[in-house]
Every structure is written in C-alpha cells, then in structure tokens.
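Notes follow once the structure below has been shown.
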Amino acid sequence: MTKCTIIGLGEAGAAYASALAAAGHQVTGFDPVAPNTPAGTTRAATAAEACRGADIVLVLTGAAAARSVAKDCLPVLTAGSTYADFTSSSPAVMQELGQLPTKASFADVAILGPVAALGAKTPLMVSGPGSDAVVRLLAPLGVDVETADGGPGAAMSHKLLRSVLMKGLASVVVEAVTAGRAAGLEGWIREQIARQLAGDGQSVIDRFLTGTSKHAVRRSREMQDTASYLAELGVPAEMTEASAAALTRIAATPAPEAALR
C-alpha cells in the first residue's frame, strides 16, 4: 500500500483518487473548492497537511497554481518520497519547480489524452528523477506511462508539441464541420475528414511538408477565398484565416527542401 496524496480534486484529480483507492492505496486529498470528495479519499484541511507522510504526491490543479502548491508541499516531504506535477505548466516552469529545495524526487508528468473519456487510464509521459515512482504506482492500474529522456520539463515539451497538432486539428475539424453544416454538406465534409485521417500517416506528413512549401502562393489565395466563403455562410473562420496568413508567410520565405525531410 502506498500513501498517496492528490492535490486538486476536480475531474482529473477525482479520477486518479478513485482509481488509487480502489487499488488499495491510502489516498489523502486536498482541494479548496471542489464540492465532492472521491470515495476512499480522506480530505485534508490544507495542502501541506495532505502531504505530510505521503510516499507520493500527485498535483492535478490548474497550471496557474503549480508554483504555490509546490511551495506549500515540497518543504514537508521526506526523503524517498516523490512529487509528481501533472499540471500543464510550461517546460520552463517544470524546470524551475524541479530545482526547488526538497527531499522529494520531482517528476514532470504530461497527460496525453482526454481524462474525461479515459479517466485514470489516460496515457502519460513522465520525466525527471521521480519518474520511476510514477511508473510503479500507475502502471499496475493499466496506465500506459512513457518515460522521456531528460529532466523536469522534458515530458511537458513533448505534450506541448503534440498540442500544436491535436488542438489545432480539433479546431480545424470543428470549423470545417460547422461550415459544412451551414452549407448543407455536413455529411460530405465529414467523409472528407475521415478519409484524410485514415491513410498512411507518414506519407501524409511528407505530402504536407513538401506540398505546402511548393504550392504556398496558390494555397494562400485559395484559403483567402475560403475565408470569404465562410463569411458568406456566417461561420467563424479563425483557422482558415490563420492558414491563409501562414501560407503567405511560407510563400515569402520558402524553407529549403532538405529541411522538410
């Protein structure tokens, strides 16, 4: 049995607290605003109180609270314990927190999927001296935990690069389907999106990298026309307009072909 502390009992924190308690671990939680306490979790009055005697602390607050939580919790942790920061803080902040004075081992943990859908089994990436402790705790729960080379900040660097794709792709899909619905062509545009997402991923990447630079001028004009069409449909076109601007920039400063491979 591991003595686990969960700081932040919102959707993600509650999912991990429930899963750890169900696995037989001792779970203590702290959250100044969450109205409910997950089953099997003992709620503490302060973050520092929750962390006293803990083997591992999982911080699942918003990124804005990462520094203040670390300053409350790290001083009370003992040698052999682990402090795992799951917040979406920047790599620089993770590096900063990893250098704060403490007897605990620090781990930078990046959540690589939607906790709302996957719960405590959402894939993770971890880096820093406390990585092994995170893997030992969560892998038995069926969590796919990948360890990234490097110190604190390495896992978050990977996540933010992934976010360029995933959040941008999600926004593009929303814009395209919204426009398709307004034009009475939602089924057709859905089929087009599904077809693009289903093929040979590496070939699609190579095609995008080479084709975008080669045809940037023409594609920029096409996206400007697309933005005008979306305006006629009464559909917001932020992603389309951003694509047009990016293509204009790429056309003005084409990347060397070797750099695209």
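Just one of (1) out of contact with any helix residue (DSSP H, G or I) (no Cβ under 6 Å at 6 or more places or on another chain); (2) open to solvent by less than 90 Å² (accessible area, probe 1.4 Å); (3) in contact (Cβ under 8 Å) with a residue 60 or more places away in the chain trips up Ala242, so point out which.
(3)
Name the residues in region 3-17 that are modelled with pLDDT under 95 and open to solvent by 40 Å² or more (accessible area, probe 1.4 Å), would you?
Scanning region 3-17 gives a single hit, Glu11.
Within region 18-39, track down each residue that is open to solvent by less than 10 Å² (accessible area, probe 1.4 Å) and part of a helix (DSSP H, G or I).
Of everything in region 18-39, just one residue is open to solvent by less than 10 Å² (accessible area, probe 1.4 Å) and part of a helix (DSSP H, G or I), namely Leu20.
In region 40-130, which helices (runs of 4 or more DSSP H) lie fully inside it and hold 3 or more residues that are touching a residue at least 40 places away in the same chain (Cβ under 8 Å) and open to solvent by 10 Å² or more (accessible area, probe 1.4 Å)? If you could, list the steps in order and put the result at the bottom.
Details: elements: 47-51, 66-73, 91-98, 115-118.
Helices (runs of 4 or more DSSP H) meeting the threshold: 91-98.
Pick out, from region 148-233, the helices (runs of 4 or more DSSP H) lying fully within it that include 1 or more residues that are in contact with a helix residue (DSSP H, G or I) (Cβ under 6 Å, 6 or more places away or on another chain) and among the acidic types (Asp, Glu).
So the answer is 154-182, 186-198.
Could you tell me whether region 175-182 includes any residue that is of a type in the set (S, T, N, Q), in contact with a Pro (Cβ under 9 Å, 6 or more places away or on another chain) and either over 22 Å from Asp55 (Cβ atoms) or in contact (Cβ under 8 Å) with a residue 60 or more places away in the chain (or both)?
There is at least one residue in region 175-182 that is of a type in the set (S, T, N, Q), in contact with a Pro (Cβ under 9 Å, 6 or more places away or on another chain) and either over 22 Å from Asp55 (Cβ atoms) or in contact (Cβ under 8 Å) with a residue 60 or more places away in the chain (or both).
Condition check ((1) at pLDDT 95 or above; (2) at negative phi; (3) hydrophobic (A, V, I, L, M, F, W, C)) across all residues:
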position: Ile111; (1), (2), (3): no, yes, yes
position: Val115; (1), (2), (3): no, yes, yes
position: Thr122; (1), (2), (3): no, yes, no
position: Gly128; (1), (2), (3): yes, no, no
position: Ser131; (1), (2), (3): yes, yes, no
position: Val143; (1), (2), (3): no, yes, yes
position: Gly151; (1), (2), (3): no, yes, no
position: Leu165; (1), (2), (3): no, yes, yes
position: Leu169; (1), (2), (3): no, yes, yes
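Those residues that are under 22 Å from Ser203 (Cα atoms) and at pLDDT 90 or above, I need them from region 247-261; list them, please. It would help to see each step written out before you state the result.
At the first step, the residues of region 247-261 found to be under 22 Å from Ser203 (Cα atoms) are 247, 250, 254-261.
Answer for region 247-261, where residues must be under 22 Å from Ser203 (Cα atoms) and at pLDDT 90 or above: Leu247, Ile250.
The values are calculated or read from the model by the stated rules, or taken from the named source; none is laboratory data. This structure is a prediction, so every number in the text was calculated from the model and none was measured. FYI the Cβ positions are ideal-geometry reconstructions off the backbone, even for glycines, and counts take in every protein chain you see. Note: areas computed on protein heavy atoms with side chains; ligands, DNA, RNA excluded. Shrake-Rupley method; radii C 1.70, N 1.55, O 1.52, S 1.80 Å.
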